[in-house]
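Written out below as structure tokens is the structure these notes cover.
Please treat every number below as a calculation from the coordinates, not as lab data. Here the structure is a predicted model, which is why all the values come from computation and not from measurement. In this analysis, Cβ positions are derived from the backbone assuming ideal geometry, glycine residues included, and neighbour counts consider all displayed protein chains.
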Amino acid sequence: MANWLTPKKSIDFVGMRKVAAIMSVLLVSISLGLFFLVGPTWGIDFTGGLEMHLKFQESTSIGELRGALSEMEISDDSVQQINDAAANEFVIRIQDPEFGTEEIKTDILSTLSGRFGSEWIKESEFDAQIGARLILTYAGDPQKLSDIQSALSGIDGAVVEESSDANKIYIKVPSLSSKLELALQEKFPGKGPYTNDKGEAVSNLSVLQVDSVGPKVGAELRQQGMIAILATLALILVYVALRFNLSFAPGAVLALFHDVSIVVGVFVALDMIGITYEFNLPMIGALLTIIGYSLNDTIVIYDRLRENMTRYRRNDLETMINVSINETLGRTLATSVTTLAGMTAFLVLGGAVIQTFALAIFLGVIVGTYSTIFVASPTIVLMQDVQPWLARLFTPKGQELDTDSSDETA
């Protein structure tokens, strides 16, 4: 280990750039293909739906809960056990926010049509964006809310609310979470009575947390998450170009795009073999964290390279890049190993809630360390070769002729 931490090394990293480039292009291409052709398993953050965190007082197996959900026509793969088995805690995810509401919607519409006439209802729309409610537009003179509420008195949980628009009302209906909670309490009544940590009486089943996202909000979050990643890469391009040199910037951004693509590709590949990790907001956070981590490593090498370019002006660029990478290799490896150790602890001990985030960071550290050495830095050599061609491409023809003439005169 001591040999790796000493700065006196002369590994020819730049000399391996062609092999590394082929491998990176292959991995990124496969990852992008998997993402666009197969696609990740989107979480409810991006598709809309419901997530309930349940806790049972009595010992309950995941098989029993899946059986109960199947009887309610809910897919049995929507339930996941979290924490230790003895905790009896489960998470249920349903990606259709309108699931289970058809019957009550039909009852409401038929009841109101019977009370006020078959042509009274002009338009109806179910809105899952804000709770669960039915938006009705009706014909004729405005009706009192009390009369409409009275007509719906036989439907449990239906609450009429006023709208700012004329001849339009909102009818709140029992949410899927409340219906699901009641149904599960009937199926798992327990032998009680039970008390919680505060000594309060509780039922066998407790709902610890409910997260609900509408489909439109989910689509917007997915779009905004992608924009956040792309905007971050664009700003980093500008930052590196201003802090160092324009030839340094593409390598940094290329390495970050490389890291994000491969990590996402690995998650899609795991999903294909039955190891599913949902692509949700914590995943976006993990990808942005990977960008920050990888950029930090790249900046350290770029800083050393800039110093060496000032100090050793006579050396060629490839030599200076190799020297800079070798001089900072100990720091790069020490940082990566330390971060991997922390992420391993989160993966083993952190539980299901943080597992997706921890795994993404774990993979990102490995891929980011590789890309800092084999993608970001060697790309500077490529940019150095491309710069004269770009200069000729963007130089106006008249100026180019003037330059040639002045050279001939000289």
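Between Val337, Val263, Val365, the residue with the greatest mean-square fluctuation in the GNM of the chain (Cα pairs under 10 Å linked by springs) is Val337. Compared with the dominant Cα axis of the chain, that is its longest principal axis, helix 17-33 is turned about 20°. Listed cross-link partners Lys122/Lys179; Lys105/Lys144; Lys122/Lys168; Lys105/Lys187; Lys55/Lys172; Lys144/Lys172 are compared with a 19 Å cut-off, the Cα-Cα value being larger for Lys122/Lys179; Lys105/Lys144; Lys105/Lys187; Lys55/Lys172.
Taking springs between alpha-carbon atoms closer than 10 angstrom, which of Tyr302, Tyr312, Tyr370 fluctuates most in the Gaussian network model of the chain? Residue with maximal mean-square fluctuation among Tyr302, Tyr312, Tyr370: Tyr312.
Taking the C-alpha atoms only, the angle from helix 352-371 to the longest principal axis of the chain is near 20 degrees. Per residue, the chain reaches -19500 deg cm²/dmol at 222 nm when only DSSP H runs of four or more residues are counted, each adding -39500 (n - 2.57).
For the pair Glu307 and Ile273 in one chain, pulling the backbone fully straight at 0.36 nm per residue adds 7.5 nm over the alpha carbon distance.
The loop-placed chymotrypsin sites (Phe, Trp or Tyr not before Pro) in region 120-201, going by DSSP, that have at most 16 neighbouring Cβ atoms within 10 Å of their Cβ come out as Trp120.
Set the Förster radius R0 to 25 Å, insert the Cβ-Cβ distance between Ser164 and Ser113 as r into 1/(1 + (r/R0)^6), and round the FRET efficiency to 0.05. All intermediate terms of the calculation are to be shown ahead of the outcome.
Details: r = 25 Å, r/R0 = 0.98.
Working from the Cβ atoms, E equals 0.55.
Average projection, convex hull of the Cα set of the chain: 32.4 square nanometres.
Remark: region 102-172 projects, on average over all directions, an area of 4.4 nm² (convex hull of Cα atoms).
Which trypsin sites (Lys or Arg not before Pro) does region 267-351 hold that lie in a coil by DSSP with at most 14 other beta carbons within 10 Å? Sites meeting the loop and neighbour criteria: Arg313, Arg314.
Using alpha-carbon pairs under 8 Å, 6+ residues apart, how would you state the relative contact order of the chain in percent?
Values: 555 pairs, mean separation 93.2, N = 410.
Averaging sequence separation for qualifying contacts and normalising by length gives 23 percent for the chain.
Scan the chain and hand back the longest stretch that contains none of the GluC sites (Glu not before Pro) lying in DSSP loops with at most 13 other Cβ atoms within 10 Å. Free of exposed loop sites, the longest segment is 201-410.
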